[in-house]
Structure formats: structure tokens, C-alpha cells
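Trainee: Sharing a structure here in C-alpha cells format.
FYI, it's all coordinate maths here, none of it is from the lab. As the structure is a prediction and not an experimental result, all values here were calculated from the model. Cβ coordinates were reconstructed from backbone atoms using ideal geometry, including for glycine residues, and neighbour counts include every protein chain displayed.
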Amino acid sequence: EPEVTQTPSHQVTQMGQEVILRCVPISNHLYFYWYRQILGQKVEFLVSFYNNEISEKSEIFDDQFSVERPDGSNFTLKIRSTKLEDSAMYFCASSENARPLEQYFGPGTRLTVT
Amino acid sequence: AQKITQTQPGMFVQEKEAVTLDCTYDTSDQSYGLFWYKQPSSGEMIFLIYQGSYDEQNATEGRYSLNFQKARKSANLVISASQLGDSAMYFCAMREGQVGGSYIPTFGRGTSLIVHP
């Protein structure tokens, strides 16, 4: 069964550093998403991406964040100048269409900012 | 106001028993979708079940069913014949279908389910 994959599974970085979280969505999916979940809290939407541009983003997704689809398979989330409060689990998801009955989530990347 | 409310921070159930996880939602949209996800201790988010606001029948997927009461704005998840592997966090989520197509989903805070042998 096709699945969304994410690398790395755990990333530790120092405050102020840049990190890139990588995702490989399901191959025939066209819509891509990033979510984050601070430990013990609810999942929060960050951004959705379609046709090589951002289609929606939340208030959390400020200038510190950017997304890119550098090639036909990868979808990345870049966090510039990380802060302690960026420590969270980051989930990538993909869906076949804009009104998905379901989004397929990846296993997540745990980001720890020290 | 919270758009998704899960009032049960934790639930316990005996193996093989059924359990209901509560979810109420708040929206003024006519078109919306309700989802349930399972998050085991390993962290990944697993889609379980979906209910569209116009679906007349309650959604079912194997041992999972969604008790959709539109007038009460509730979308409770029912897990029948609980298994030890059902122990996890369960999140209710809603996507509202507004004119212009805003589909930013909102998640509840989750319910931790522990299944006892």
C-alpha cells in the first residue's frame, strides 16, 4: 500500500539554525500539507500546497517557514532560524484532490530545538 | 470558541468491549466533513473514518463507526470489540467547506484511549 514517508524521523538542532524537513508524498497525489503537533497538544495545520504554490496557510506559517517541491517526488518544509517553541512533531500529508475524503499522513519528524 | 471539542481527555475500556469517544463541533457551514484519526504511541496519524455533512447514513469502517447527529452537532466515534492495539490518542477533526474552498482542518485536543486486557 502506498504511503507518505518523512525524513529524518528525529532532528535535533540548535536555536537559530535552519532545518529542512523532507517528505515524499504518495506518487499520484497532487495536494500536500504540513501540520505540526506540539507535545501533548492538538494537531495544527500549517500549510497546503498545490501546483507548485501555497494554496492555504495558517497564522502559524509566518515568514520563518517556507515550503518547496524541488523535484517530482519531494516536498520540503524549511524552518529558518529555529526557536525553542518550534520543537514539535511535524507531519506531512498528501491527498489526491482538493476535497479529500482523507489525507494520508506520514509518520512525522520530531524536531527538537535546543 | 472551540470548533472541535473532545471532552474526554482519557478513556478506559475492557478488551472486547465497545467504547464511544465523544466529539462535538461548531460550524455555520452547510457543507463540512468530519474525520477521526488514531495516533498510537509511535506518533503517526492514521486516518480512521470520514463523515460528510450531507451523508444520510452513519459512516462505518470495520470496527469503527461514526455516530453522526447533525442537529446536535456531534460526531462520536464508536469502536466495537476493542483490542489492545486500539490503545492510542484519537483525534476528531473537521474541514469546513466554505465558498471559495477554504479547507483548513481543525483538530480537537484528542482523547487518550487505554484498552485493558
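Trainee: Filter the stretch A:1-19 down to the residues that are out of contact with any Gly (no Cβ under 9 Å at 6 or more places or on another chain) and buried (at least 17 other Cβ atoms within 10 Å of the Cβ), then identify the one that is farthest from A:R69 (Cα to Cα). Talk me through it step by step, then tell me what you get.
Mentor: Within the stretch A:1-19, the first condition is being out of contact with any Gly (no Cβ under 9 Å at 6 or more places or on another chain), and the residues that meet it are A:1-2, A:7-8, A:10-19.
Pick out the ones that are also buried (at least 17 other Cβ atoms within 10 Å of the Cβ) and you get A:11, A:19.
Values: A:Q11: 20, A:V19: 16 Å.
For the stretch A:1-19, the residue satisfying everything is A:Q11.
Trainee: A follow-up question, please. A:T82 fails exactly one of the following numbered conditions: (1) at the interface with chain B (Cβ under 9 Å from one of its Cβ atoms); (2) under 22 Å from A:P8 (Cβ atoms). What is the number of that condition?
Mentor: Failing condition for A:T82: (1).
Trainee: Of everything in the stretch B:1-12, what is crowded, with 16+ Cβ neighbours inside 10 Å, outside any loop (DSSP other than H, G, I, E, B) and of a type outside the set (A, V, I, L, M, F, W, C)? Give them in sequence order.
Mentor: B:T5
Trainee: Now a separate question. Can you find a residue that is more than 22 Å from A:T114 (Cα to Cα), in contact (Cβ under 8 Å) with a residue 12 or more places away in the chain and exposed (fewer than 15 other Cβ atoms within 10 Å of the Cβ) anywhere in the stretch A:44-53?
Mentor: Yes, the stretch A:44-53 has at least one match.
Trainee: Let me ask something else about it. Does any residue of the stretch A:85-92 turn out to be without any contact (Cβ under 8 Å) to a residue 40 or more places away in the chain, on the phi < 0 side of the Ramachandran plot and within 14 Å of the chain's Cα centre (by Cα)?
Mentor: Taking every residue of the stretch A:85-92 in turn, at least one turns out to be without any contact (Cβ under 8 Å) to a residue 40 or more places away in the chain, on the phi < 0 side of the Ramachandran plot and within 14 Å of the chain's Cα centre (by Cα).
Trainee: Among the listed residues B:Y50, B:Y54, which satisfies the condition of being among the hydroxyl-bearing types (S, T, Y), within 14 Å of chain A (Cβ to nearest Cβ), assigned to a strand (DSSP E or B) and without any contact (Cβ under 8 Å) to a residue 40 or more places away in the chain? Please lay out each step first, then the result.
Mentor: Details: B:Y54 fails: assigned to a strand (DSSP E or B).
Answer to the selection: B:Y50.
Residues are listed down the side, and each one gets a yes or a no for (1) assigned to a strand (DSSP E or B); (2) facing another protein chain (nearest Cβ under 10 Å):
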{"site": "A:Q17", "(1), (2)": "no, no"}
{"site": "A:N28", "(1), (2)": "no, no"}
{"site": "A:R36", "(1), (2)": "yes, no"}
{"site": "A:G40", "(1), (2)": "no, yes"}
{"site": "A:S48", "(1), (2)": "yes, yes"}
{"site": "A:S55", "(1), (2)": "yes, yes"}
{"site": "A:V67", "(1), (2)": "yes, no"}
{"site": "A:S73", "(1), (2)": "no, no"}
{"site": "A:N97", "(1), (2)": "no, no"}
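Trainee: Consider the stretch B:69-90. How many of its residues are small (G, A, S) and either under 14 Å from B:S112 (Cα atoms) or buried (at least 19 other Cβ atoms within 10 Å of the Cβ) (or both)?
Mentor: The total comes to 5.
Trainee: Now, a different point. If you take the residues in the stretch A:101-114 that are within 8 Å of chain B (Cβ to nearest Cβ) and part of a loop (DSSP other than H, G, I, E, B), which one is farthest from A:G40 (Cα to Cα)?
Mentor: Looking only at the stretch A:101-114, we keep the residues that are within 8 Å of chain B (Cβ to nearest Cβ), and these are A:101-108, A:110.
Filter once more, keeping what is part of a loop (DSSP other than H, G, I, E, B): A:101-103, A:106-108.
On the way: A:L101: 26, A:E102: 23, A:Q103: 22, A:G106: 18, A:P107: 16, A:G108: 15 Å.
Among residues in the stretch A:101-114 that are within 8 Å of chain B (Cβ to nearest Cβ) and part of a loop (DSSP other than H, G, I, E, B), the one farthest from A:G40 (Cα to Cα) is A:L101.
Trainee: Taking the condition closer than 26 Å to B:T111 by Cβ and either of a type in the set (V, I, T) or in contact (Cβ under 8 Å) with a residue 40 or more places away in the chain (or both), does A:Q37 pass? Break it down stepwise before answering.
Mentor: Details: closer than 26 Å to B:T111 by Cβ: yes; either of a type in the set (V, I, T) or in contact (Cβ under 8 Å) with a residue 40 or more places away in the chain (or both): yes.
For A:Q37, the condition - closer than 26 Å to B:T111 by Cβ and either of a type in the set (V, I, T) or in contact (Cβ under 8 Å) with a residue 40 or more places away in the chain (or both) - is met.
Trainee: Only one of these is surrounded by 19 or more Cβ atoms within 10 Å (Cβ to Cβ) and among the small types (G, A, S): B:G62, B:G110, B:G43, B:G52. Name it. Full working, then the answer.
Mentor: On the way: B:G62 fails: surrounded by 19 or more Cβ atoms within 10 Å (Cβ to Cβ); B:G43 fails: surrounded by 19 or more Cβ atoms within 10 Å (Cβ to Cβ); B:G52 fails: surrounded by 19 or more Cβ atoms within 10 Å (Cβ to Cβ).
The match here is B:G110.
Trainee: Quick check: is even one residue across the stretch B:13-33 aromatic (F, W, Y), surrounded by 14 or more Cβ atoms within 10 Å (Cβ to Cβ) and within 13 Å of chain A (Cβ to nearest Cβ)?
Mentor: Applying the first criterion (aromatic (F, W, Y)) to the stretch B:13-33 yields B:25, B:32.
Going one step further and asking which of them are surrounded by 14 or more Cβ atoms within 10 Å (Cβ to Cβ), we end up with B:25, B:32.
If we keep only those that are within 13 Å of chain A (Cβ to nearest Cβ) as well, we get B:32.
Scanning the stretch B:13-33, I find at least one residue that is aromatic (F, W, Y), surrounded by 14 or more Cβ atoms within 10 Å (Cβ to Cβ) and within 13 Å of chain A (Cβ to nearest Cβ), so the answer is yes.
Trainee: Looking only at the stretch B:34-47, how many residues end up being facing chain A (nearest Cβ under 9 Å), touching a strand residue (DSSP E or B) at 6+ places or on another chain (Cβ under 8 Å), of a type outside the set (D, E, K, R) and in a loop (DSSP other than H, G, I, E, B)? Don't jump to the end; show me each part of the working.
Mentor: Step one: of the stretch B:34-47, the residues facing chain A (nearest Cβ under 9 Å) are B:35, B:37, B:39, B:42-47.
Still in the list and also touching a strand residue (DSSP E or B) at 6+ places or on another chain (Cβ under 8 Å): B:35, B:37, B:39, B:43-47.
Next, only the ones that are of a type outside the set (D, E, K, R) stay: B:35, B:37, B:39, B:43, B:45-47.
With in a loop (DSSP other than H, G, I, E, B) added as a condition, the list becomes B:43, B:45.
Total satisfying the criteria: 2.
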